[in-house]
Each structure stands twice: as structure tokens, then as C-alpha cells.
1. Filter the trypsin sites (Lys or Arg not before Pro) in segment 1-100 down to the DSSP loop ones having no more than 13 other Cβ atoms within 10 Å, then list what survives.
2. Spelling out what I want: for every residue of segment 24-33, take phi, set θ = phi - 60°, compute 6.51 cos²θ - 1.76 cosθ + 1.60 (Karplus), and round to whole Hz; glycine and proline get x.
3. Mind checking segment 19-75 for GluC sites (Glu not before Pro) that DSSP puts in a loop (not H, G, I, E or B) and that have at most 12 other Cβ atoms within 10 Å?
4. For labels at Ala52 and Arg16 in the simple 7 Å Cα→Cβ model, what's the distance in nm?
5. With each pseudo-label sitting 7 Å past Cα toward Cβ, what's the Ala69-Lys99 distance in nm, one decimal?
6. Quick one: go through segment 22-39 and flag any residue whose amide nitrogen is under 14 Å from the point 7 Å out along the Cα-to-Cβ line of Glu61.
Amino acid sequence: MASDEGAASDTHPFLRDRIMRKLETLSNDRLYQVLDYVEFLESRYAERQPTAASVFQRFTEGLEDTMRAGRLSADTIAQTMTLMSRAMGVLSGVAAAGKSVASDVVNAASRPAQWSGTRPPSGQGPTGGSEGQQSPPPSSEPPTPTDSGGAPK
């Protein structure tokens, strides 16, 4: 709710803080009763649409509602939701990393081809040499020492 600018501007901050202090004193079982009541009030008297939940939030809320319908203890549900929250954090990180990699690939593909890893056509070297002059291909062996006359030792 705090991220909803419309709700934040209409809600008295002291009232919101007072409600939060009261909620902190209740057990999980009672908090679920409060949630049910708030959802009832929202369905009857809401003055605007709630903010849209993400796919992950809708999934976890659906799982939570299913667990509550199965009469699981509030502590079990709370532990499960804590694990789901951690999993959502991991999945969000993976999604962000995937978007970053995809963005890097798109950027690399949209750049003009550079000299990286390819041999320039003859006569078009990075040093501007003429057509008949090419440097020998690089060797993986170390150079052989020579004497001052150019002959190998």
C-alpha cells in the first residue's frame, strides 16, 4: 500500500502507523482474521482499484489461500510464505540477470563488426600495409634465439 501514491496521499500517516502498531501485537491466526476482514471491507467499500500484484505475488497469495482453506496452522503457512518470498527474490535476481545478458547480446549484435577475432582481407591490415605485405600468422612456440647475423644459434 505504501507504494500506491494515491492511497498514501489520502491515508492519514498517523492512522496508518497506529494500525501497524496494533497489528504487530497480534498472532498469525488473528492477522489472518484481520486480512479476511480487510478483504471483505475492500470488496464492499473500496473507492479505487488496488495496485496490480505481480505474477509472483498472485502465485504466492493463491498458494497461501489454498493452504488456509486446507486448515493448515498459521505458523506453517508463515514459514512456507517466508520460503516463497526467498524463492521470489532468487527468481527476480535470475530474471534481472537474464535481461542483462539479453540486453548485452542485443547491443553486441547491433554494433558494426570490429576486427575482433577475424583476419582483415589482404592489404587491409590495421597498420595500413600494402597488398603484398602480410605478417606471418602468430605461432604458439616461443621465438628461436638468433645470433647477430640472423642465423639460429
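Since every read-out is calculated from the coordinates, none of them should be taken as a lab result. Worth saying up front: this structure is predicted, and the values here are computed from it rather than measured. Glycine gets a Cβ as well: all are built from the backbone with ideal geometry, and neighbour counts include every protein chain shown.
1. Numbers: sites: Arg16, Arg18, Arg21, Lys22, Arg30, Arg44, Arg48, Arg58, Arg68, Arg71, Arg86, Lys99; in loops: Arg48, Arg71.
In loop regions of segment 1-100 (DSSP not H, G, I, E or B), the sparsely surrounded trypsin sites (Lys or Arg not before Pro) are Arg48, Arg71.
2. Going residue by residue, I get 5, 8, 8, 6, 4, 4, 5, 5, 5, 5 Hz, with x marking Gly and Pro.
3. Passing both the DSSP loop test and the Cβ count: Glu24, Glu47.
4. 2.2 nm
5. 3.2 nm
6. 35-39
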